[in-house]
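Accompanying notes for the structure given below.
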Amino acid sequence: DAGSIELHQAVVAVGNHKEFPVSLKLGRMEMSYGDERLIGAFAWNNIGRTFDGVKLRWQNEWFGADLFATHPVIPQNGVFDVPNDEDYFSGLYATTLKIPKNILDVYFLARNSSAQAAATVPSPQFPQPSERDIYTAGFRLKSKPGELGGWDYTLESAYQFGNFLDKRPGTNTPSERLDQSAYMVAAQGGYTFADLWGKPRLGLEYD
């Protein structure tokens, strides 16, 4: 974006799930889960989102689960991007294919930022978080491709709780600790006309 050399991804991966259920990934990495509503690579932006950290994966015939602990990388113009060491993003994301004709994801995510997180770097391209402890628990149920004829659907919901420091720079408003309580629901369904040219899909979505 600014013409400088950057390091987008560089990981060391250890493990082979064909031989052992546990694997380890360490370094700078993209993370994309589900439909990327909450965790994604942000690929439509000029700078894709990456994280510095470690990810442990357990995978067997019943489910696969990622346990990760990371620091988000801060995009900056003209300097080499570094992680925000005062901003912690961690969680558990598990997926099973054992429900007939469905894919089920369940997850628990944590965002914990210290009082120093907002001022870690002098000129970030995106504002950094104020002090906070925010937690998100949710699930996603999605039909397996081709299992319902031409029909498909997805249902995802999550609840978020915790607290954060409401800090408003440039104003005389004093900072105060506020409670976080929020939820989201996303539901979509559609039908693909496989016998028509181009296989058009007609769908509806509610968020």
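Some points to look at:
- Subset tally (residues that are under 14 Å from Glu156 (Cα atoms) and touching an Asp or Glu at 6+ places or on another chain (Cβ under 9 Å)) for region 177-205: 6
- Residues that are open to solvent by 40 Å² or more (accessible area, probe 1.4 Å) and of a type in the set (Lys, Arg) number at least 1 in the following strands (runs of 3 or more DSSP E) confined to region 26-102: 51-59.
- Among residues of region 184-207 that are at negative phi and part of a loop (DSSP other than H, G, I, E, B), those with a beta-carbon under 8 Å from a residue that is open to solvent by 50 Å² or more (accessible area, probe 1.4 Å) and aromatic (Phe, Trp, Tyr) at least six positions away or on a different chain give the pairs Pro200/Phe193.
- When Asn163, Asn172 are checked against the criterion of being farther than 25 Å from Asp35 by Cβ and modelled with pLDDT of 95 or more, a single residue qualifies: Asn163.
- In this structure, Phe108 does not satisfy being open to solvent by 70 Å² or more (accessible area, probe 1.4 Å), of a type outside the set (D, E, K, R) and in contact with a Lys or Arg (Cβ under 8 Å, 6 or more places away or on another chain).
- Among the residues here, Asp105 qualifies as within 30 Å of Gly190 (Cα to Cα) and either at pLDDT 95 or above or assigned to a loop (DSSP other than H, G, I, E, B) (or both).
- Meets criteria (loosely packed, with under 14 Cβ neighbours inside 10 Å and either modelled with pLDDT under 95 or closer than 30 Å to Ser113 by Cα (or both)) for Ala137: no
The values are calculated or read from the model by the stated rules, or taken from the named source; none is laboratory data. As the structure is a prediction and not an experimental result, all values here were calculated from the model. Positions of Cβ are backbone-derived with ideal geometry, glycine not excepted, and every protein chain shown enters the neighbour counts. With ligands, DNA and RNA removed, areas are computed over all heavy atoms of the protein, side chains included. Shrake-Rupley method; radii C 1.70, N 1.55, O 1.52, S 1.80 Å.
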